[in-house]
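*Asks:* Can you keep this structure in mind? I'll have questions shortly.
The values are calculated or read from the model by the stated rules, or taken from the named source; none is laboratory data. For clarity, every value in this text was computed on a predicted model and none was experimentally measured. Backbone-built Cβ (ideal geometry, glycine too); neighbour counts: all protein chains shown. Ligands, DNA and RNA are excluded from the accessible area calculation, which covers all protein heavy atoms including side chains. Shrake-Rupley method; radii C 1.70, N 1.55, O 1.52, S 1.80 Å.
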Amino acid sequence: MGEIAERYHRRAEAFERTVAGVHPDQWANQSPCVKWTARDVVDHVVGMHAIMLEPVARKLELSDDPLTAFQEARAAIEDVLEDPIAALTETDTPGGPMTAEQHIDQVVSDDLVLHGWDLARATGQDETMEPVDVERLWAAAVAIPPELMEKYRTPGAFGQGVEVYGSEVPVPPDAPLQDRLLGLLGREP
């Protein structure tokens, strides 16, 4: 298993544990994403998995159960990452051409960390992110040019109803890196 596949697998394991930890009466809980419930967070993550499968001509038939739907989406992505032809298939992305595995790494794998926090916060679970993931996401976020970050913060810039990041939430400069990352990406730590 390559580095990208290993990172995805580790993050998917953590996200799946969080989904499995949601009690049936918590799916309607408000998430830190203003327009989303806990269920919406999982639906978004699963939907993004489906988008990552399009360039390699794969589709998802999903269950209505959030945990099963994520498990199905996860299995499909892991199949792509384990298939050298599919993983190295080049695709056009908003960030320019990249391989399917690179796109998965930059989009859904990173989403698992951030939206795992959203789901944990919405459902009263452990919100601690892996420090290695926080450092990686922080480095990527602070490297985003200001004009692109502004676009990421503009609702609808990437399609109707699409919001990538919210407005930055002020966080003290000496706060833990996880809190600074969450604030930078528009969440109240």
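*Asks:* Within the set of pairs 6+ apart or on separate chains, which have a first residue in region 114-129 that is free of Cβ contacts under 8 Å to residues at least 40 places away in the same chain and within 12 Å of Leu182 (Cα to Cα), a second that is open to solvent by less than 10 Å² (accessible area, probe 1.4 Å) and outside any loop (DSSP other than H, G, I, E, B), and C-beta atoms under 8 Å apart?
*Replies:* Glu127/Trp117; Glu127/Ala120
*Asks:* Name the residue that is nearest to the chain's Cα centre (by Cα), counting only residues in region 110-166 that are hydroxyl-bearing (Ser, Thr, Tyr) and modelled with pLDDT of 95 or more.
*Replies:* Per the stated criteria, the residue is Thr128.
*Asks:* Has region 2-21 got any residue that is under 23 Å from His103 (Cβ atoms), of a type in the set (A, V, I, L, M) and in contact with a Gly (Cβ under 7 Å, 6 or more places away or on another chain)?
*Replies:* Yes, some residue in region 2-21 is under 23 Å from His103 (Cβ atoms), of a type in the set (A, V, I, L, M) and in contact with a Gly (Cβ under 7 Å, 6 or more places away or on another chain).
*Asks:* Another one. Would you mind telling me which numbered condition in (1) of a type outside the set (Phe, Trp, Tyr); (2) touching a helix residue (DSSP H, G or I) at 6+ places or on another chain (Cβ under 9 Å); (3) within 21 Å of Val41 (Cα to Cα); (4) without any contact (Cβ under 8 Å) to a residue 60 or more places away in the chain Asp133 fails?
*Replies:* (4)
*Asks:* Among the helices (runs of 4 or more DSSP H) lying completely within region 118-187, list those that include at least 2 residues that are open to solvent by less than 30 Å² (accessible area, probe 1.4 Å), closer than 21 Å to Lys35 by Cα and in contact with an Asp or Glu (Cβ under 8 Å, 6 or more places away or on another chain).
*Replies:* It comes to 177-184.
*Asks:* Here are some residues: Val113, Val169. Which one is over 29 Å from Val80 (Cα atoms), touching a helix residue (DSSP H, G or I) at 6+ places or on another chain (Cβ under 7 Å) and β-branched (Val, Ile, Thr)?
*Replies:* Step by step, each of Val113, Val169 is checked, and only Val169 is over 29 Å from Val80 (Cα atoms), touching a helix residue (DSSP H, G or I) at 6+ places or on another chain (Cβ under 7 Å) and β-branched (Val, Ile, Thr).
*Asks:* Taking Pro32 as the residue in question, decide whether it is within 23 Å of Gln160 (Cα to Cα) and more than 13 Å from the chain's Cα centre (by Cα).
*Replies:* yes
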